Amino acid sequence: MKKPKHFSIIIPAHNEERRIKRTLERFYKFFSKKYKIEIIVVCDGNSDKTESIVQEFAAKRKNIKLLTFPTRLGKGGGILKGIKAARGDIIGYVDADSATRPQDYNKIFQTLITKNLDGAVASRYLKESKILIEQPLYRIFLSRGWNLIVHTLFQIPFTDTQCGAKIFTAKALEFVVPKMETYGFEFDVELLWRMQRSGFRINEVPITWEHKEQSKFVVSDIIGMLIRLIRVRLS
């Protein structure tokens, strides 16, 4: 793949006032020195100071874009808004909690470029992956169980659909995004499934990762996620 002209990084941020500044500082410092980038922060239904923190950060730096929506869009809904606003020929998204380090996100980016892929996604569960701070035991159990269900329903080979660090070519996203039907945490599964069905080449990349407290995901979300995915699978 020829060298990309522009890299767009989307960060969905719902009530992330305690973590968003550090994440922006780390990613902007790392990537702005290496590539032509834009960072798009999507704030939806916030009731804290996330938006003002991002505005203050953006006022002093180039290529930081803030998208604000008064109501909750869901993780997937926020990412979709970011994709539509992105100008890059490579577009990725990453969680606001810095669970994935910038250097590992760059590893994902470089994998996509050097292997001429359509997408590259992080996995916490590959042999070479390293977990600095492990999730609580119940979260590990839920994650593994979720992956088993996903593999059964969708027959996709990915070991970790929910890790929030993924990068794709704009061309692949332009083809798949109009078909998307989900907007919550299940968004990642549908996106990977549609990418695979469309014949796009995606690799998983081992990363160094650490669990962060204050996750926006709650156990009760799983039932709704599963129902929505079954509807997608049957449609």
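Just so you know, all these numbers are worked out from the coordinates, no wet-lab data involved. A quick note: this is a predicted structure, and the numbers were derived from the prediction, not measured. Here the Cβ positions follow ideal geometry from the backbone for every residue, glycine too, while neighbour counts run over all protein chains shown.
Key figures for this structure:
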quantity: Average Cα contact separation per residue, the range 7-234, under 8 Å, 6 or more apart, as relative contact order %; calculated: 24
quantity: Neighbour-count ranking [beta-carbon atoms within 10 angstrom, fewest first] of Glu17, Glu128; calculated: Glu128, Glu17
quantity: Which of Trp193, Trp209 has the fewest Cβ neighbours within 10 Å, and the rest in rising order; calculated: Trp193, Trp209
quantity: Mean Cβ count within 10 Å, highest first, over the residues of peptides 48-54, 142-148; calculated: 48-54, 142-148
quantity: Considering only the range 7-234, percent of DSSP beta bridges that pair antiparallel, nearest 5; calculated: 25
quantity: Ellipsoid semi-axes in whole angstrom, largest first, where each is sqrt(5λ) of the Cα gyration tensor of the range 7-234; calculated: 25, 20, 18
quantity: For the chain, calculated [θ]222 nm from helices alone, where every DSSP H run of n ≥ 4 adds -39500 (n - 2.57); calculated: -13000 deg cm²/dmol
quantity: Extension gain from Ile140 to Arg233, taking 0.36 nm per residue of separation minus the Cα-Cα distance; calculated: 31.0 nm
quantity: The range 139-221: GluC sites (Glu not before Pro) in DSSP coil with no more than 12 other Cβ atoms inside 10 Å; calculated: Glu213
